[in-house]
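The values are calculated or read from the model by the stated rules, or taken from the named source; none is laboratory data. Every value quoted in this text rests on a predicted model; they were computed, and no experiment measured them. Heads up, the Cβs are rebuilt from the backbone with ideal geometry, glycines too, and the neighbour counts pull from every protein chain shown. Side chains included, ligands, DNA and RNA excluded: accessible areas come from the protein's heavy atoms. Shrake-Rupley method; radii C 1.70, N 1.55, O 1.52, S 1.80 Å.
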Amino acid sequence: MTGYDIIGDIHGYCDPLEALLDTLGYRRVDGVYRHPQHRVIFLGDFIDRGPQQREVVELARRMLDAGTALAVMGNHEFNALAWSTPDRAGGYLRPHTEKNRRQHQAFLDAYADDPQAHARVLDWFRELPIWLDLGGLRIVHACWDPDAIASLEAVGEGQGSLTESFLAAAVSPGGWQHTAIETLLKGKEIALPAESGYHDKEGTLRHQMRVRWWDRGATSYREAFMGPESARTHIPDDPIHGEHLIEYAHDAPPVFLGHYWLEGTPGPLASNIACLDYSVAKPGGKMVAYRWQGEQQLCQENFVWVSRSGR
């Protein structure tokens, strides 16, 4: 094996995933996509939104079981676990609100007639690591925060077999577990200036924003905003200070992210940082990969993508 093909958020869209694998030179052998020199790394968020939930999960699980892929957990897999785990008050760790149900409905529908398969998939989600450090390459769904990673390592969490007690602590605001999971799986967030807000992709008015946590050149809220370009004009251009930053040196190993619902032409965020989530779950979105072959400075020409239609 000479390299990895890192693939961004899939969200139940199996047709463009298969088209992307075909474009990358993978071929299905005995029901598993394989490449003679590369392995895939999935960045999480296999589920929710799209029409092919079970097909995506089955494809990815077959590849992991065969050793032709690795994967990390996304916030949607974490949310699925919390949705299905009872709390101590007669509810669930992820409240069954209308908003949460609407976000998760496609996955629930896909397994509605097969609770045993649903339980097996949740067990698989529980075993996914939250990050991968492969020496010359790092993988996490939203933010590489060394302090959060160290905190999880100290209690034996984050590399599979996520415990129910940790899951319960991680959904409870105020604790370090919640802060660590929110940062690694959803990104670094800060409050917007008073009376400022914008509507996210689901129409929810937000008064906090995710930030370019590595970018010391971002001197205003608008410049520091991490998310769809269509929302940037709604972010105030007021000065911002450095409390949103996480140190990530330019000579640190490349780190790949998903999660951020980007738009436009895929490319590096920094010389050693790339996001591969380009909104496949919306019309006009893309399924994006990066073909990594050991380079420490990321190359524009190594980004590969297909449209949601698979072309």
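Some points to look at:
- Intensity falloff of the chain expressed as log10 I(q)/I(0), Debye formula with alpha-carbon point scatterers, at q = 0.12 Å⁻¹: -0.80
- Fraction of antiparallel bridges per DSSP, the range 1-98 only, in percent to nearest 5: 35 percent
- Stokes-Einstein diffusion coefficient of the range 17-76, Kirkwood radius over Cα pairs, 37 °C, 0.692 mPa s, in µm²/s: 276 µm²/s
- Distance in nm between pseudo-label sites at residue 85 and residue 30 (7 Å out along the Cβ direction from Cα): 3.5 nm
- Solution diffusion estimate, µm²/s, Stokes-Einstein, the range 1-132, Kirkwood Rh from C-alpha pairs, 10 °C, viscosity 1.306 mPa s: 103 µm²/s
- Reachable aspartates and glutamates, given that their alpha-carbon falls under 17 Å from the alpha-carbon of residue 286 and they are not under 8 places away in the same chain: 5, 9, 15, 18, 22, 45, 48, 229, 263, 277, 301
- Projected onto planes of every orientation and averaged, the convex hull of the alpha-carbon atoms in the range 203-298 covers 6.9 nm².
- The GNM of the chain, with springs linking C-alpha atoms under 10 angstrom apart, assigns the highest mean-square fluctuation among 237, 114, 200 to 114.
- Both radii come from the Cα set of the range 253-303: Rg as radius of gyration, Rh as Kirkwood radius; their ratio Rg/Rh reads 0.96.
- Accessible area (Å², per residue) of the chain, counting only protein heavy atoms and a probe of 1.4 Å: 43 Å²
- When the solvent-accessible area of the chain is split by element, carbon and sulfur atoms take up 47 percent of it, the probe being 1.4 Å.
- Orientation-averaged projected area, Cα convex hull of the range 87-236 (nm²): 11.6 nm²
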